[in-house]
Amino acid sequence: MAKLSELGVDFQHWCFACGQLNSGGLHLDFEVSRDRAVARYTALQRHQGYDGLLHGGVVTALLDEAMGWAIFHQGIWGVTAKISVTFREPVPIGVDLRVVGEIARDRGRVIETHGTVERVEDGTTLAEAEATFLRMPEGRRRELEQRYSGTEDAFARVRAAVEREERSREHGRT
């Protein structure tokens, strides 16, 4: 998997989920592969709802962000049109989590995704979601790619890293 922060993606911004400048944010750093994004997160007290439990809105933000980064590796920039979250178990504060987003179906302008929040310790799914993303127009995509590239070719590097990983896997199977 390709770690976005190591490939020149700029996280020096205020996004609640992935921005490093937001002191109250989640500070997620994703690894991406074809149609998939994964991050680790430890639920913090400042993000709790009921005592000792992660707020459901934060759980939803984790899922939304993971699914959004899952579509991004191909240079696709999208916005969430619809999201549906199922909370399987309460998410305790202080627990190490794995957040996964995957593309379920690409229908052109509309991309359907699936996401999970899992407890790392035992792999238990604590929450999952289905979401629909809409591709941004090309002009806006170019604008955003330029803004969030820490280096001139950051997103080309991400796509190349994903392709190298796929070729490596294919050669490993022969």
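Please treat every number below as a calculation from the coordinates, not as lab data. Predicted model, so just to flag it, every value in this text is computed and none were measured. No Cβ is skipped: glycine too gets one built from the backbone with ideal geometry, and neighbour counts run over all protein chains shown.
Key figures
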quantity	calculated
Amide N proximity, the stretch 83-114 versus Asp51 label position 7 Å along Cα-to-Cβ, cut-off under 20 Å	90-95
Relative contact order (%) - the chain, alpha-carbon pairs under 8 angstrom, separation at least six	24 percent
Protection proxy ranking of 85-93, 53-61, 164-172 - average other beta-carbon atoms within 10 Å, highest first	53-61, 85-93, 164-172
Protection proxy ranking, peptides 63-70, 121-128, 32-39, average beta carbon neighbours within 10 Å, highest first	63-70, 32-39, 121-128
Full-extension gain in nm, Val79 to Asn22, via 0.36 nm per residue minus C-alpha separation	18.5 nm
Highest average packing first - 139-146, 106-113, Cβ atoms within 10 Å	106-113, 139-146
MRE, 222 nm, helices only [DSSP H, n ≥ 4, -39500 (n - 2.57), over the chain, to nearest 500]	-9000 deg cm²/dmol
Built amide H within the under 5 Å cut-off of Met136, gap 5+	Trp77, Gly78, Val79
Integer Hz, Karplus 6.51/-1.76/1.60 couplings in order for the stretch 79-92, x for Gly and Pro	10, 6, 9, 7, 9, 10, 10, 10, 8, 7, 8, x, 9, x
